[in-house]
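Down below is the structure, laid out as structure tokens.
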Amino acid sequence: MVNRMVTIRAAEDGDAAEITEVLNTEFENEDSDFFRKYSNTEEKILKDMKRCKYYVAVDGDRIVGAISLLLGDITCRIDDMAVRKGSQRRGIGKELVRFAENLAGEHGCSIIWCTTSKRLDASGFYLKMGFTASELLPRHFEGRDLIKLEKSLI
Ligand SMILES: CC(C)(COP(=O)(O)OP(=O)(O)OC[C@H]1O[C@@H](n2cnc3c(N)ncnc32)[C@H](O)[C@@H]1OP(=O)(O)O)[C@@H](O)C(=O)NCCC(=O)NCCS
């Protein structure tokens, strides 16, 4: 069920600390070495905001979800995305992906895609959103299997 209070807006620099917390949801089951090496920090997010477009799902004054997008001429990559643990399974992820699809469509992209680690087990979510698993990338990143998922926007 979608929480009616949740709205999606473009992120601002002042959101970086909360975005960091939200995106680090992805690292909850990782070991400390991996976390130290790859988890987000406010500095990393601020730097990345110059490369990717960030959007946040806001519930009241709290950021409950975040998505970063790389919009190209033909494809849009969901570079990163997460919903806070306590706010998952309430339709927020679905709204963020729908928002991204609309934005990508308006931008002229014909495909939206992402990769996800098998460990995260988010592929079921993307399949529900109409994506198709197009490629398995075995041991692609630090020994982790990645799955590429994509969806046509035309
Ligand atoms: C994956 C994630 C973004 C989904 O967001 P969410 O807000 O919980 O998802 P929603 O509530 O919008 O779910 C939409 C649909 O997908 C389903 N779904 C959600 N997560 C799922 C999962 N892990 N596996 C299978 N189905 C899933 C929901 O049941 C719902 O189905 P419905 O439309 O039939 O009711 C969120 O669980 C998350 O942040 N996970 C940790 C980080 C992560 O994996 N990020 C993705 C990195 S690529």
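The values are calculated or read from the model by the stated rules, or taken from the named source; none is laboratory data. If you're wondering where the values come from, they're calculated on a predicted model, not measured in any experiment. Glycine gets a Cβ as well: all are built from the backbone with ideal geometry, and neighbour counts include every protein chain shown.
Name the single residue that is nearest to LEU149 (Cα to Cα) among those in the stretch 76-100 being charged (D, E, K, R) and near the ligand (Cβ under 6 Å from one of its atoms).
Start the filter on the stretch 76-100 by keeping residues that are charged (D, E, K, R), which leaves 77, 79-80, 84-85, 89-90, 94-95, 98.
After this cut, where a residue has to be near the ligand (Cβ under 6 Å from one of its atoms) as well, the list is 89-90, 94.
On the way: ARG89: 20, ARG90: 22, LYS94: 15 Å.
Only one residue tops the list, namely LYS94.
Could you go through the stretch 79-89 and let me know if any residue there is exposed (fewer than 15 other Cβ atoms within 10 Å of the Cβ), touching a residue at least 60 places away in the same chain (Cβ under 8 Å) and not in a strand (DSSP E or B).
Start the filter on the stretch 79-89 by keeping residues that are exposed (fewer than 15 other Cβ atoms within 10 Å of the Cβ), which leaves 85-86, 89.
Subset that is touching a residue at least 60 places away in the same chain (Cβ under 8 Å): 85.
Then drop every residue that is not not in a strand (DSSP E or B), which leaves 85.
Yes, the conditions are met somewhere in the stretch 79-89.
With respect to CYS114, determine if the residue is at pLDDT 95 or above and either aromatic (Phe, Trp, Tyr) or away from the ligand (no atom under 13 Å from the Cβ) (or both).
Working: at pLDDT 95 or above: yes; either aromatic (Phe, Trp, Tyr) or away from the ligand (no atom under 13 Å from the Cβ) (or both): no.
Taking the combined requirement at face value, the residue does not satisfy it.
Would you say LEU103 is at pLDDT 95 or above, away from the ligand (no atom under 14 Å from the Cβ) and closer than 20 Å to ILE19 by Cβ?
Criteria met by LEU103.
Are there any strands (runs of 3 or more DSSP E) wholly within the stretch 91-154 with 3 or more residues that are without any contact (Cβ under 8 Å) to a residue 40 or more places away in the chain and surrounded by 17 or more Cβ atoms within 10 Å (Cβ to Cβ), and if so which?
Answer list for the stretch 91-154: 111-117, 144-152.
Would you tally the residues in the stretch 1-20 being surrounded by 15 or more Cβ atoms within 10 Å (Cβ to Cβ) and farther than 21 Å from ASN102 by Cα?
Of the residues in the stretch 1-20, 5 are surrounded by 15 or more Cβ atoms within 10 Å (Cβ to Cβ) and farther than 21 Å from ASN102 by Cα.
Which residue out of ARG84, ARG90, ARG98 is at pLDDT 95 or above, basic (Lys, Arg) and in contact with a strand residue (DSSP E or B) (Cβ under 6 Å, 6 or more places away or on another chain)?
ARG84
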